[in-house]
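These notes are about the structure you will find just below.
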Amino acid sequence: MSEWKKYMAENDVFADSVAALPHNCAANPYLTVLPDEDDPRVRHLFYDARIPGASTWMHLIIGSERALLIDTGMGAGDLKGAVEALTDKPVDVVNTHFHGDHTGGNGQFARVFCPEYDLPYLKSQMSHPEMRMRPLCDEKDLVPISDQTEVMPFSDGYRFKLGDGEELEVIHTPGHTPGGCMLLDHKSGILYSGDAVLSTPTLIIDRFPNTWYPEGLTVTAFRDSLVRNLPRLDKVKKLCPGHGKQGIDPGYLHEMIDCLNCIIEHPERHETYDYVDDPSQRQIMCAGRAMVVYSDSRIR
Ligand SMILES: [Zn+2]
């Protein structure tokens, strides 16, 4: 028996501790803004979804010439105003993947960057606002889903430049979504790991649509991308994912590869996952601290 229940309980305690902090953002009453312990250029923006596991992190890196906002949360309250209160630099906005808990605030911005293989999913989402993931907020504070935002696709290796010697590199990590990516800040060594690698389970489940690029929605694609990218991940000092604990040590990346290999080679070793009431989330594999919840149809 692995210790996944212990890790989930630890994550819940962590989420509760952050949710208990004062919402300290004048422009947006749903956010808590926290500095980074190591990088003075960074502000972490926490949205308390008040649903276990659904609270999200956004990250603002304020470079010497430009700033980068990573993800836009669920669309509760004025995110643009919150960002403008933190920096007067021009801001680029990037989505780690298309899911509605990371793109809900896109409609406030004139332009967002989206991973190329997630583009058709994001476009489809933008033209069906009635399907949106709904945050718990006052109706007046809900950011509308807009199809007016310009969407700029990017691919593996793209670099967001924030100033002299300040670059964040895109590392394409399919699996959770076909285009899902992590962003490596070469100056700080912080890996903004989205929903690919996080302290709660990575979800590779058949509830997620597979209309486009289904080959990018598998455990095998995720494993292959992590193994292939290990040399590029050499300089990672810590991980800041889209949910749960922040500042995870890079050894976790290796535990994740072990976990993915175990699913591919020994799928019978899975345990029953009963943390959420969702028939598409019934199997969990663990290796060390790494956890993946997956469907059999998404292994290969
Ligand atoms: Zn998410």
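Taken together, the values in this text are just the output of simple stated rules run on the coordinates, not laboratory data. The structure presented is a predicted model; accordingly, all values stated were derived computationally and were not measured. Positions of Cβ are generated from backbone atoms using ideal geometry, with glycine treated the same way; all protein chains shown enter the neighbour counts.
Considering only 85, 177, 247, the residue lying farthest towards the positive end of the dipole of the chain is 177, judged by Cα position with unit charges set on Cβ.
What does the C-alpha gyration tensor say about the overall shape of the stretch 3-129? Classify as rounded when a/c is under 1.5, otherwise prolate if a/b is larger than b/c, or oblate. Note, shape of the stretch 3-129 comes out oblate.
When the chain is treated as a Gaussian network with alpha carbon springs shorter than 10 Å, the biggest mean-square fluctuation among 119, 86, 203 belongs to 86.
Scanning the chain for GluC sites (Glu not before Pro) in DSSP loops with at most 13 other Cβ atoms within 10 Å, what's the longest stretch left with none?
It works out to 66-300.
Computed extension length for residue 155-residue 123: 9.9 nm, one decimal, from 0.36 nm per residue of separation with the Cα-Cα distance subtracted. Along the axis of the charge dipole computed for the chain (Cβ charges of +1 for Lys and Arg, -1 for Asp and Glu, origin at the Cα centre), the listed residues 11, 96, 201 are led at the positive end by 96. Every helix of 4 or more DSSP H residues in the chain counts as -39500 (n - 2.57), and over all residues that averages to -6000 deg cm²/dmol at 222 nm. Full extension of the chain between residue 264 and residue 206 gives 19.2 nm of extra length, using 0.36 nm per residue less the Cα-Cα distance.
Whole number please: convex hull volume per residue, Cα atoms of the chain, in Å³.
119
Extension gain, residue 17-residue 215: 0.36 nm per intervening residue step, less the Cα-Cα distance, totals 67.5 nm. Between their Cα atoms, which of 80/187; 161/235; 5/238; 6/238 are more than 20 Å away from each other? Exceeds cut-off: 80/187; 5/238; 6/238.
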